[in-house]
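The values are calculated or read from the model by the stated rules, or taken from the named source; none is laboratory data. Predicted model only: the values in this text are computed from it and were never measured. Cβ sites come from the backbone with ideal geometry, for glycine too, and all protein chains shown count toward neighbours. For the accessible areas, the whole protein counts, side chains as well, though only heavy atoms, and no ligand, DNA or RNA atoms are used. Shrake-Rupley method; radii C 1.70, N 1.55, O 1.52, S 1.80 Å.
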Amino acid sequence: MNIYTGTSINNEIAIGKIFVYINDDFKIEKRHVKDTDGEIKRLKDAINKAISELESLYERASDKTSLDNADIFNAHIMILKDDSFAGFAMNIISSENVNAEYAINNTKIHFMEMFTNMEDEYFKNRAFDIKDVTDRVLSALTGKKKNKIELDEPVILVAENLTPSETLLLDKNKILAFVLTNGSINSHSSILAKSMNIPALIGTDINLKSNTINDINGINDVNDVNDVNGIKCINDINDINGKIAVVDGFEGKLYIEPDEIILKEKNRRIEENKKEMERLLNLKGKGNITKSGRKIDVYANAMNLSDIDLALFNDAGGIGLFRSEFIFLESNDYPTEDEQFLIYKDILEKMGEKEVIIRTLDLGADKQTDYLGLDEEENPALGLRGIRICLKNKKLFKTQLRALLRASVFGNLSIMYPMIISIEEVKEIKEVVNEVKSELDKENIKYSENIKHGIMVETPAAVMISDELAKEVDFFSVGTNDLTQYTLAIDRGNTKLDKFYNPYHEAILRMLKIVADNAHKNNIRAAICGELGSDIDFLDKILEIGYDEISIAPGKILKIREKIRSMK
Ligand code: PEP
Ligand code: MG
């Protein structure tokens, strides 16, 4: 039995088989080939396939002008059509008698280095474009899709890290637990683990690093694999893949091939957990009211339809944050107005009279997907994200607003806008909403007159002008995940900084108070939808500051209800 330790995200236990997922982009092997002409043809075919994919992406993007960056796809086509690029790869094949994958990968390294070393910022950034296009060619050559994790049975997924789109493409019924060697408490995979109510460990001390120096460079030369400068680092991948393990979120431990005693003990804890859940289910239908009669709304956070079912099962008072960008991350192309409308309608109908707060697109930063063609940025968390993308791409924004307004007649909709930093943004949002309303009026399409419009307070700027913002909107919902990141200047996704990431910092506590006070002075509601809201030990502080609502992972609702009911 081997035991590894990590930081636990959720107090749950799972037992199952391990599946190790290595996201090393593409594992490139160097093979010696005799038929170089055949290999060059393979490469040309792959390049043509990549070009036609890019052409259709360009068409779709410019047709819908969902984002005005369709040109990026055109730029990628030009790289692939450029003789000096493709010619470089073909030359490697014929001069070194090697396979196409190896040749195009080396071409990538060569051109990326060339661009990275240029003085001009614009050209430096083109290195990312080179990576993108070559990955597309590699995907055509290998038939492998990046980011797609295929699972045959329920597993404990062990990986270095997971991007939001990788997390989304997972078959949730087949995930028993996440164990990440990186990851961070506030990453979206951690948030997902909480909403799925499964155990997850981050920063776990398993070694998933590559075998050889060549591996580290992304090239695994099968001829030299055991003898690269004599250096070979030991890793755990082969040792643990497929083995039975226990993830214990209470202890923050991963037991591989647990012995009988551990297995018996963990099975007992699982049974205990089940009983505890059954006990909590008796609280369904009861109020979130303290002993002294103070009421607080407990809503659920959701990112897909199965979360809505979980929210209902756990008796959520409403949906306090529906992360609509996940609809975009889950699909291969911009979801149309009708597609979005059907999803929003479904959510609203399921929730009946209960309030559903749908947050408009919060793309950018770590939430990226191929077809959006967002530019690589030096500081994506400080970059084009959230409301900035929507205000820059009005067509994209209006499409979502039309879908939301059309769906509003099917339930109790509120709309929330992310990453707000100014009054001007709120005013511009209102103008766009009014434009959409008059378009719908002209088309005789009905929408609810009672939609509430609120904002996420997740930047220090929004906190500091919350007295003015409160006059413009119907509610505030504090995104403590981003508010902590931006206030403390700490990347919420960086494992190494987890110990500095402190949502309980005095600065955050004061900000929470400023926001709640300004909301109440202006008779609007103050909510918390960031992860801090689900910290049972912080609940008395949230009530003391005066929050009216918290929105948390569905699986945590009944436990929080129990705590509220026990408070004086
Ligand atoms: C937040 O920032 O606290 C929040 C709720 O939004 P997200 O985690 O999706 O950025
Ligand atoms: Mg946020």
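Are there any pairs with C-beta distances below 7 angstrom linking a residue in the range 448-467 that is not assigned by TED's automatic domain parsing to the domain that holds Ile387 to a residue that is more than 16 Å from ligand 2 (Cβ to nearest atom) and in a strand (DSSP E or B), with the two at least 6 apart or on different chains, and if so which?
none
Just checking, does the range 314-330 include any residue being over 30 Å from Lys284 (Cβ atoms), within 16 Å of ligand 1 (Cβ to nearest atom), in contact with an Asp or Glu (Cβ under 6 Å, 6 or more places away or on another chain) and without any contact (Cβ under 8 Å) to a residue 40 or more places away in the chain?
Initial filter on the range 314-330 (over 30 Å from Lys284 (Cβ atoms)): 325, 328-329.
Remaining after also requiring within 16 Å of ligand 1 (Cβ to nearest atom): 325, 328-329.
Remaining after also requiring in contact with an Asp or Glu (Cβ under 6 Å, 6 or more places away or on another chain): 325.
Filter once more, so that each one left must be without any contact (Cβ under 8 Å) to a residue 40 or more places away in the chain: none.
Checked against the condition, which is being over 30 Å from Lys284 (Cβ atoms), within 16 Å of ligand 1 (Cβ to nearest atom), in contact with an Asp or Glu (Cβ under 6 Å, 6 or more places away or on another chain) and without any contact (Cβ under 8 Å) to a residue 40 or more places away in the chain, the range 314-330 yields no hits at all.
Of the residues Asn267, Asn304, which single one is more than 23 Å from Ile542 (Cβ to Cβ) and surrounded by fewer than 17 Cβ atoms within 10 Å (Cβ to Cβ)? Reasoning before the result, please.
Values: Asn304 fails: surrounded by fewer than 17 Cβ atoms within 10 Å (Cβ to Cβ).
Among Asn267, Asn304, only Asn267 is more than 23 Å from Ile542 (Cβ to Cβ) and surrounded by fewer than 17 Cβ atoms within 10 Å (Cβ to Cβ).
Step by step: first the residues of the range 545-560, then only those that are open to solvent by 10 Å² or more (accessible area, probe 1.4 Å) and part of a helix (DSSP H, G or I), then the one that is nearest to Lys295 (Cα to Cα). Which residue is that?
In this case the residue turns out to be Ile545.
Considering each residue of the range 507-531, count those that are touching a residue at least 24 places away in the same chain (Cβ under 8 Å), closer than 19 Å to Ile357 by Cα and open to solvent by 10 Å² or more (accessible area, probe 1.4 Å), and give that number.
3
How many residues does the range 364-383 hold that are under 16 Å from Thr459 (Cα atoms) and either touching a residue at least 40 places away in the same chain (Cβ under 8 Å) or open to solvent by less than 30 Å² (accessible area, probe 1.4 Å) (or both)?
Count: 4.
Is it true that Arg388 is within 16 Å of ligand 2 (Cβ to nearest atom), in the same structural domain as Ala527 (by TED's automatic domain parsing), out of contact with any helix residue (DSSP H, G or I) (no Cβ under 8 Å at 6 or more places or on another chain) and open to solvent by 50 Å² or more (accessible area, probe 1.4 Å)? Give the steps one after another, and end with the answer.
Numbers: within 16 Å of ligand 2 (Cβ to nearest atom): yes; in the same structural domain as Ala527 (by TED's automatic domain parsing): yes; out of contact with any helix residue (DSSP H, G or I) (no Cβ under 8 Å at 6 or more places or on another chain): yes; open to solvent by 50 Å² or more (accessible area, probe 1.4 Å): yes.
Answer is yes for this residue.
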